[in-house]
Structure formats: structure tokens, C-alpha cells
Amino acid sequence: MKDFFNKFLRKEPAASKLTADDQLKRQVAAVYGLLSGILGSEKVVLKAGKLDALELMRSESVPERVLALQKLVFEDPTVEKVPSYEEIPTILEEIEEEIADLMARRAVEEKIEKKIVEKMEERHQEYVREIKMQVLKEEQNVESPQTLKKFAMLEKLEQKKLTKSLMELLRPASLAEIVGQERAVESLRAKLASPYPQHLIVYGPPGVGKTTAARLVLEEAKRLQFTPFADDSPFIEVDGTTLRWDPRDMTNPLLGSVHDPIYQGARKDLAETGVPEPKPGLVTDAHGGILFIDEIGEMDPMLQNKLLKVLEDKRVSFDSTYYDSTDPNVPKYIKKLFEEGAPADFILIGATTRDAGDINPAVRSRCAEIYFEPLTPKHIEEIVYNAAVKLEVNIDSDIPQLISEYTIEGRKAINILADAYGLALYRESEQSNQAITITKEDIYGVVRVSRLTPFVNQKASTALEVGKVFGLGVAGYLGSVLEIEAVAFPAPEKGKGRLRFNDTAGSMAKDSVFNAAAVVRKITGEDMNNYDIHINIIGGGRIDGPSAGTAILAVVISAITGRAIRQDVAVTGEISIQGKVKAVGGVFEKAYGARQAGITTLVIPAENEQDIAKGHLGLDIRPVKTAEQALAILFAGAEEASA
């Protein structure tokens with residue numbers, strides 16, 4: 001570069017004719033000319049004015065002009081020393097080097113600017129093409145006569161509206177309308193309508209209002225300021241029997257899954273770029289509200305375990321081998337779902353008709369538990385009466401009691417009334433201006449068509465019978481009365497009597513018979529081996545536990561001694577070989593079974609006294625500790641043993 005300037009500023013043939021001062025003048029003038037060519041004359045003058053170099057630049061003195069060059073090239077207004085003639089060659093070399101750098105930078109900048117202009121032009125053309133395609137799509141008519149016809153048919157269908165279903169009309173609209181569940185509803189309200197609502201498992205027989213109560217309690221909680229539920233808090237309801245876990249995780253309506261475009265296809269904009277799309281599930285739909293899983297005990301155990309993880313984290317995570325966080329084609333919502341997960345902060349309510357032992361222990365440990373109670377005939381009668389009021393129909397006075405004989409489910413009772421309403425409406429269609437009246441014949445018509453049988457026949461009576469006693473059993477959340485009978489005959493040969501017992505009753509019931517044999521001898525002095533005894537469970541009922549022990553003891557003693565047993569009393573309790581009445585399970589449910597059968601007095605083990613309130617369902621509850629105390633109540637005319 002230095003040789004280039006020398007060649008540019010000096011002509012070799014004439015150099016010997018010039019003085020040293022003239023050569024410096026020409027060299028300085030050449031540098032000024034080069035600088036003007038790079039920056040432009042106007043810019044050089046403006047720059048000189050800003051740097052206080054304008055006067056120096058116009059000077060006739062070579063050193064002053066060189067000083068002006070220093071200010072201009074190095075852009076340093078603080079340089080004030082005028083160089084000597086000996087210093088000028090060195091300074092000019094430095095100035096030439098700086099100008100060379102400036103020219104190099106200018107060349108690079110021009111090259112970059114050219115590329116920028118080219119790129120901008122390319123982007124501009126792409127943008128114009130996109131706008132054109134969008135306009136074409138908007139202008140394109142995607143409809144055809146066939147599609148327009150189908151759209152018109154859908155619009156026409158939308159105009160047709162049936163009235164809401166009868167079951168929807170008769171469903172309780174407030175907590176006060178839920179019959180027979182006062183304790184359960186109060187507990188449900190206390191656990192949900194709170195600043196700190198709890199996860200719940202609700203146990204109980206079908207058709208007693210578990211789902212309706214949960215929905216109504218949420219509506220009440222929304223109106224309270226101290227609860228975390230907002231006005232738009234959702235109530236998501238799903239049946240646990242329909243929820244299945246896919247080991248491949250390709251589909252999971254409860255927790256959500258990832259839609260991989262490679263296998264399952266996807267939206268067109270995502271499929272073209274191969275972007276997987278997370279699909280949030282019901283737990284995210286329930287965020288901020290309640291997720292109600294009916295029959296939660298039927299859910300897949302693996303799915304229950306995965307649900308536990310969501311309850312802990314309050315979020316659902318997604319994963320896919322096709323997800324690339326560095327891919328610029330991934331939308332922000334997909335990136336957020338993969339990296340942060342979907343929110344799932346909700347209250348779980350699981351309802352089940354199963355026993356508590358059938359529910360995943362880990363689920364139970366995270367939930368409070370509430371038991372809904374079986375309905376009594378009086379409850380069914382009240383439900384039927386309330387439904388008739390809502391239907392605005394007249395009913396015969398004994399219809400509620402008639403329906404209560406065929407069901408203990410509130411839902412089923414309403415169904416029977418609704419079917420009878422249809423029959424009455426059809427019968428009285430010609431008298432449309434009169435109020436509909438449902439008669440007993442309408443109810444019997446429904447019973448015959450639906451092949452209904454009485455749920456419980458009235459078994460209790462005020463009569464006394466020898467060799468017959470009422471025991472109590474329980475299946476799920478429903479108690480029932482067991483009719484146990486026995487006959488005894490002296491054995492043809494003393495000490496070689498035989499015992500006959502239902503094979504279908506179960507091994508535990510047979511064990512109760514053997515226990516009773518020891519107590520019979522202790523109480524009566526009679527040896528059962530001296531008798532041929534036949535014990536029968538009427539109806540062939542199966543007894544899974546030892547709770548019929550006291551009843552079997554009583555009926556055997558009655559058969560041997562001929563003493564009559566009260567038929568308005570039912571008894572439950574395990575009998576020990578020492579004659580003690582031991583605790584059993586399901587006493588609360590058994591009380592409902594006794595009440596259904598018209599029993600007035602209930603004999604229970606003293607150890608179960610706290611399991612049931614005194615006077616529950618109007619029953620005379622008699623806790624006993626020994627077989628003698630139980631027999632004193634069961635046998636007519638006997639004095640009750642002291643506690």
C-alpha cells in the first residue's frame with residue numbers, strides 16, 4: 001500500500017528536478033485528494049470544521065497542513081503540535097496506513113451492504129408471495145352445492161329442540177331435596193366448601209344421590225368467598241369403567257397424551273413439519289374445579305397410580321421422542337406444554353359402590369372418606385312424593401308406599417313413577433284439559449312390563465315361632481335379613497345324631513354351627529350329638545362371615561327345647577365357644593336391612609355399640625355381651641339377663 005501511494009504521488013522521471021519541499025507539498029496534496037475521494041470533499045470540509053482543522057488545511061505551510069491531516073484522519077482534535085520537516089515523512093506513513101485501513105473497511109462495508117440489500121429483496125419477494133397465496137385462499141370458494149346442502153340440513157336440525165328429559169326435571173335442584181343423606185351431605189359440604197377443600201372418596205349404594213350432591217355442593221362453594229372455587233370452576237364427570245390405560249401412551253383421555261404426526265397424523269400445519277402435539281386430558285379440563293370419577297374402583301390400577309402423581313404435582317408432564325426444543329417450527333403453546341406441562345390443580349371426588357378394601361390404598365390415603373346411606377322405605381316414599389309435585393300430577397295416596405316395595409334406589413323409584421306417568425298420559429290423552437292422575441294400576445302396569453319383584457317382603461311379625469330366627473347379612477352397602485330355621489329329632493341311637501346344613505351357606509357358617517354346639521351344651525346341658533338336626537338358610541343365602549353364630553345358636557336351642565322365638569327381633573354377632581357375643585362388621589348397613597323387613601328390635605354385640613346410634617331408624621337397639629343376654633331377648637317370656 002505504501003508503494004502504491006508513492007507511485008501515485010510521485011513521477012519517477014521528474015523527481016530529480018523537484019526540491020524536497022516541493023515533493024512534500026505534492027505528497028500532502030495527493031493525500032488530501034485521496035481522502036476527498038474516499039469521504040467526499042463536502043464531508044472533508046465539514047469534518048475539518050468540527051475538528052478545528054479548517055484553517056490548518058488551507059494554510060500554505062506544509063507542517064500545518066500535515067497537522068490538519070492528523071486531526072482529520074485520526075479524528076483527534078486534541079493534537080496541537082505542528083510537526084517538523086523531519087517528522088513529516090513518518091507522520092505521512094502513519095496517515096497512509098490509516099487511510100489504507102479505512103479503504104479496506106469501506107470495501108468490506110460495501111460488500112456487506114450489498115448482501116443485506118440482496119437478502120432484503122429476497123425476503124420481500126417471499127413476503128409478497130405469501131400475501132398473494134393468502135389472498136388466493138381467501139378468494140377460493142371451498143364450498144360446493146353438496147356441502148352447502150349438508151350445512152343447511154345441519155342448521156335445520158339445530159332448530160329442533162326436545163324438552164329436557166324427565167330425569168333432568170326430577171333431579172334434585174338443591175341440597176335440601178336430597179332425601180335420606182343429611183349426615184353425608186353435611187360432611188361433603190364441610191370438606192368441599194372450605195378454604196382448604198379435600199380430595200374425597202364417596203361410598204354408598206347406587207341411586208342415592210352421590211353425584212348430584214357433589215355437583216350441588218360445588219355450586220354452593222362457588223358462592224362462598226372463603227373457598228378457592230371461582231364462578232367458572234368446572235365440574236368434570238367421567239365414569240371410571242370407561243377409563244383405560246394404554247401402555248403405549250398413545251391415548252389417555254384422563255391424563256392426556258401426545259399426538260405424534262408420524263403414527264397418528266396431526267393438523268396440517270404440524271404434520272408438514274413433523275411437530276408432535278400434546279393433547280391435555282380431563283385432569284386439565286378440571287383445573288380449578290372438581291374431577292368426579294364415578295365407579296373409581298373399576299379404574300385400571302396403573303391408571304390410578306398415574307393419577308396419584310398428578311394429584312401430587314398438580315401438573316401433567318408430556319414427553320415425545322419427536323419433540324425438538326430447538327426446532328423453530330414448534331409453536332409456543334406446544335413448547336410450553338412439553339417444557340412446563342399442563343396445569344391440573346383440581347379436587348378429586350371418586351364415587352364407588354365397592355367396599356373400601358377394594359380401593360387402591362394409596363388413593364384412599366390421600367382422600368377423606370364419606371359414606372352415603374341406603375334409603376329406607378320412608379325415604380323412597382318422600383322421593384316419590386317430591387317427584388309427583390314437580391311433575392304436577394295427582395297420585396293415589398298409597399302409590400309412594402307401593403313403589404317403595406320394589407326398590408331402595410331413589411333413581412329407580414323416579415324411573416317407576418316416570419314410566420307410570422307415561423302410561424297415565426297415554427290413557428288420559430283425550431282429557432287433555434284435566435290434571436293427570438297416576439293410579440295404582442299404572443304402577444302395576446310398569447311392574448309387570450319391567451318384571452319387577454318386591455325388593456323386600458315383609459318378614460317380621462308379632463307371632464312366636466319355634467325353630468326360626470332372623471339373622472342379618474350385608475352385601476356391599478345393603479343389609480338384608482336372613483331367615484334361619486332348624487328342626488331337631490331324637491337320634492335313633494343316642495350319641496350318633498347327624499347334622500345337616502346348607503352347603504351353599506359357606507364354610508364360616510358351618511364353623512358357627514360347631515361353635516354353637518359347644519355353647520348349646522353349656523347353656524342347656526343337651527348334647528347335639530343326641531339329635532338329628534337340620535339347619536336351613538331360607539333362600540339359600542351365603543354367609544361369608546361368622547356373624548350368624550348367635551342366630552344359629554338361638555335357632556338350635558329353640559329346635560331342641562321347643563322354646564318360641566320372637567319374630568320381630570333380628571340378631572347379629574359371632575359366637576365364641578365360651579358363649580360370648582363378639583363384634584362383627586356391617587352393623588350400620590344391617591340395620592337398614594332389618595328396618596326394610598319390619599324388624600323392631602335389633603340385637604348387636606356390645607363391642608359394636610358405638611357403630612350405630614341409639615334409636616337409629618326407629619329400631620330398639622340392644623347391645624349384648626353374652627349368649628344368655630341375647631337369648632333372653634329372643635325367647636318369649638324369658639327374663640333379660642343383666643349386663
key: region 328-369: number of residues that are touching a residue at least 12 places away in the same chain (Cβ under 8 Å) and among the hydroxyl-bearing types (Ser, Thr, Tyr)   = 2
ask   = Identify, please: which residue in region 370-392 is in contact with a helix residue (DSSP H, G or I) (Cβ under 6 Å, 6 or more places away or on another chain) and without any contact (Cβ under 8 Å) to a residue 60 or more places away in the chain and is, among those, surrounded by the fewest Cβ atoms within 10 Å (Cβ to Cβ)?
value = TYR385
inquiry  = If I filter region 575-585 for residues that are modelled with pLDDT of 90 or more and touching a Lys or Arg at 6+ places or on another chain (Cβ under 9 Å), do I get at least one hit?
reply    = yes
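Got at least one residue in region 291-309 being hydrophobic (A, V, I, L, M, F, W, C), surrounded by fewer than 22 Cβ atoms within 10 Å (Cβ to Cβ) and under 15 Å from the mean Cα position of the chain (by Cα)?
Residues of region 291-309 hydrophobic (A, V, I, L, M, F, W, C): 291-293, 296, 299, 302-303, 307-308.
Among the residues that remain, those that are also surrounded by fewer than 22 Cβ atoms within 10 Å (Cβ to Cβ) are: 302-303, 308.
Subset that is under 15 Å from the mean Cα position of the chain (by Cα): 303, 308.
Within region 291-309, one or more residues are hydrophobic (A, V, I, L, M, F, W, C), surrounded by fewer than 22 Cβ atoms within 10 Å (Cβ to Cβ) and under 15 Å from the mean Cα position of the chain (by Cα).
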message = If I go through region 64-110 residue by residue, how many of them are touching a Leu at 6+ places or on another chain (Cβ under 9 Å) and assigned to a helix (DSSP H, G or I)?
response = 18
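Among VAL569, VAL584, VAL603, which is of a type outside the set (Ser, Thr, Tyr) and free of Cβ contacts under 8 Å to residues at least 40 places away in the same chain?
It is VAL584.
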ask   = Which pairs do you get when a residue that is assigned to a loop (DSSP other than H, G, I, E, B), found in region 294-307, comes within reach of a residue that is acidic (Asp, Glu) and modelled with pLDDT of 85 or more, reach meaning Cβ atoms under 7 angstrom, with the pair 6+ apart or on two chains?
value = GLU295/ASP239
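Say we look at region 509-531 and pick out the residues that are β-branched (Val, Ile, Thr) and more than 12 Å from LEU499 (Cβ to Cβ); which of these is surrounded by the fewest Cβ atoms within 10 Å (Cβ to Cβ)? Steps first, answer last, please.
Taking region 509-531 as the starting set, the residues that turn out to be β-branched (Val, Ile, Thr) are 513, 519-520, 523-524.
Next, from what is left, pick out any that are more than 12 Å from LEU499 (Cβ to Cβ): 519, 523-524.
On the way: VAL519: 25, ILE523: 16, THR524: 14.
Restricting to residues being β-branched (Val, Ile, Thr) and more than 12 Å from LEU499 (Cβ to Cβ), the top hit is THR524.
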Filter result (under 16 Å from the mean Cα position of the chain (by Cα) and either of a type in the set (Ser, Thr, Tyr) or in a helix (DSSP H, G or I) (or both)) within region 363-375 = VAL363, ARG364
task = Could you tell me whether ASP419 is acidic (Asp, Glu) and under 18 Å from LEU170 (Cα atoms)?
result = yes
message = For region 310-337, give me the residue count where each residue is modelled with pLDDT of 85 or more, surrounded by 18 or more Cβ atoms within 10 Å (Cβ to Cβ) and more than 16 Å from the chain's Cα centre (by Cα).
response = 2
remark   = Per the filter on region 128-152, residues at pLDDT below 65 and in a helix (DSSP H, G or I) are LEU136, LYS137, GLU138, GLU139
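Just the residues that are assigned to a loop (DSSP other than H, G, I, E, B), more than 20 Å from LEU282 (Cβ to Cβ) and small (Gly, Ala, Ser), please, taken from region 324-362. Working first, answer last.
As a first pass, look at region 324-362 and keep what is assigned to a loop (DSSP other than H, G, I, E, B): 324-331, 341, 344-346, 353-355, 359-360.
Narrowing further to those that are more than 20 Å from LEU282 (Cβ to Cβ): 324-331, 353-355.
Hit for region 324-362 is SER325, nothing else.
The values are calculated or read from the model by the stated rules, or taken from the named source; none is laboratory data. In this text, all values refer to a predicted model and were calculated from it rather than measured experimentally. Methodologically, a virtual Cβ is constructed for each residue, glycine included, from the backbone with ideal geometry; neighbour enumeration extends over all protein chains shown.
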